[in-house]
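So the structure is just underneath, and the comments pick up after that.
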Amino acid sequence: MTNNTTDTTGTTSATSTAGAASAASAASATAANGTARTPGTDSSHPTIFQLGGDLPVRRIGYGTMRLADGPGDPTGPEARVWTAPADRAAAIALLRTAAEAGVTLFDTADAYALGAGEELLAEALRPYGEGVAVATKVGVVRPSPTEWVPLGHPAYLRQQAELSLRRLRTERIDLLHLHRLDEAFPVAEQIGALRQLQDEGKVRHIGLSEVTVAQLTEAEAVAPIAAVQNLYNLANRDHEDVVEHTAGRGIAFVPFFPVAMGGHAGPEGPVARVAREIGASPSQTALAWLLHRAPHILPIPGTTSAAHLVENLGALDVSLTEEQFARLGEEVGDAAS
């Protein structure tokens with residue numbers, strides 16, 4: 001963002017340029033477990049992606065969903081994300097630390113703490129520097145702490161975008177995702193509302209969240225899609241076809257919950273074994289697998305710890321061999337099945 005144009009993420013417990021053209025032209029290779037990889041180079045991965053072809057971002061962003069409070073555990077998978085963080089000063093300090101550490105893509109949503117998440121970002125980061133890009137989402141209503149209900153009425157989507165502009169204190173949103181498609185309204189009408197905002201200069205790029213290839217293709221007939229944010233990690237690869245489709249189209253694939261730690265991540269599990277081989281932490285290794293998977297993948301891990309934030313960013317400097325990449329894919333796939 002410039003000063004005058006002013007899912008959901010995973011929570012961890014603990015420069016070469018890759019643009020749309022390079023992602024679109026990259027060939028697929030198949031690892032031992034059948035996961036198709038769109039390679040950058042054999043031993044390293046590019047750390048920059050040109051979002052929408054014109055917005056350079058580092059390939060590990062920061063998901064801000066967990067910068068919210070209860071009721072209940074604010075860090076677990078069932079976190080309510082209902083109110084602003086109790087320790088507002090700490091959350092603002094963490095966001096500023098992220099920017100200082102080199103994060104350029106910050107992800108939020110109007111549904112996070114009923115808009116308080118967007119307000120927090122603005123308080124922490126305005127005036128937005130040239131290198132900072134903010135992504136937010138519209139299209140989900142929160143009638144209670146436990147409910148996330150898609151609502152895709154075109155007028156509602158436009159209204160929510162206007163409110164996001166006010167809360168973020170900006171004149172243009174860098175990346176606006178449709179949080180969820182609503183089956184009650186045609187895809188063309190929902191995407192058309194975002195396209196109208198784009199035509200009005202209020203949105204730079206349009207994204208989607210939790211969509212299939214068929215839904216993405218239908219949306220692309222209405223407006224250019226710059227990013228797709230779906231659940232994807234080492235242990236959950238249900239969206240392999242979306243990864244491949246987006247690579248072929250130069251669309252950023254932004255996995256939420258990118259660090260899913262289960263039994264496969266235990267001290268003697270496959271992730272820990274490879275982590276020891278490369279001198280990295282298990283979370284860095286899981287993120288490095290995603291970065292190695294394809295040059296258009298931009299994980300957005302979330303955390304409330306400055307130390308874990310820096311650790312996550314360290315994954316940009318972690319390289320896997322082709323054998324390690326294939327072994328992780330196969331062994332974690334077996335453990336998760």
Practice prompt. For segment 107-127, name all the residues that are outside any helix (DSSP H, G or I) and either in contact with a helix residue (DSSP H, G or I) (Cβ under 8 Å, 6 or more places away or on another chain) or open to solvent by 10 Å² or more (accessible area, probe 1.4 Å) (or both).
Written response: T108, A109, D110, R126, P127
Worksheet item: Taking only pairs six or more apart or across chains, which ones have beta-carbon atoms under 6 Å, a first residue in segment 225-254 that is closer than 12 Å to V211 by Cβ, and a second residue that is of a type in the set (D, E, K, R) and modelled with pLDDT under 95?
Response: none
Worksheet item: Taking segment 128-146 as the region of interest, how many residues are at pLDDT 95 or above and open to solvent by 50 Å² or more (accessible area, probe 1.4 Å)?
Response: 1
Response to the item:
Scanning segment 210-237 for residues that are among the aliphatic types (A, V, I, L, M) and in contact with a Gly (Cβ under 7 Å, 6 or more places away or on another chain) gives V222, I225, A226, A227, V228, A235
Response to the item:
When segment 97-125 is checked residue by residue, the ones that are within 18 Å of A84 (Cα to Cα) and charged (D, E, K, R) are D107, D110, E118, E119, E123
Discussion item. When you check A223 against the structure, is it over 25 Å from Y62 (Cα atoms) and either open to solvent by 40 Å² or more (accessible area, probe 1.4 Å) or of a type in the set (A, V, I, L, M, F, W, C) (or both), yes or no?
Written reply: yes
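Residue-wise test of (1) within 22 Å of A116 (Cα to Cα); (2) modelled with pLDDT of 95 or more; (3) of a type outside the set (G, A, S).
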site	(1), (2), (3)
D174	yes, yes, yes
E183	no, yes, yes
F253	no, yes, yes
P267	no, no, yes
Fill in: L95 being within 19 Å of H205 (Cβ to Cβ) and open to solvent by less than 20 Å² (accessible area, probe 1.4 Å)
no
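The values are calculated or read from the model by the stated rules, or taken from the named source; none is laboratory data. Please read these numbers as outputs of a predicted model, since none were measured by experiment. No Cβ is skipped: glycine too gets one built from the backbone with ideal geometry, and neighbour counts run over all protein chains shown. For accessibility, only protein heavy atoms count, side chains too; no ligands or nucleic acids. Shrake-Rupley method; radii C 1.70, N 1.55, O 1.52, S 1.80 Å.
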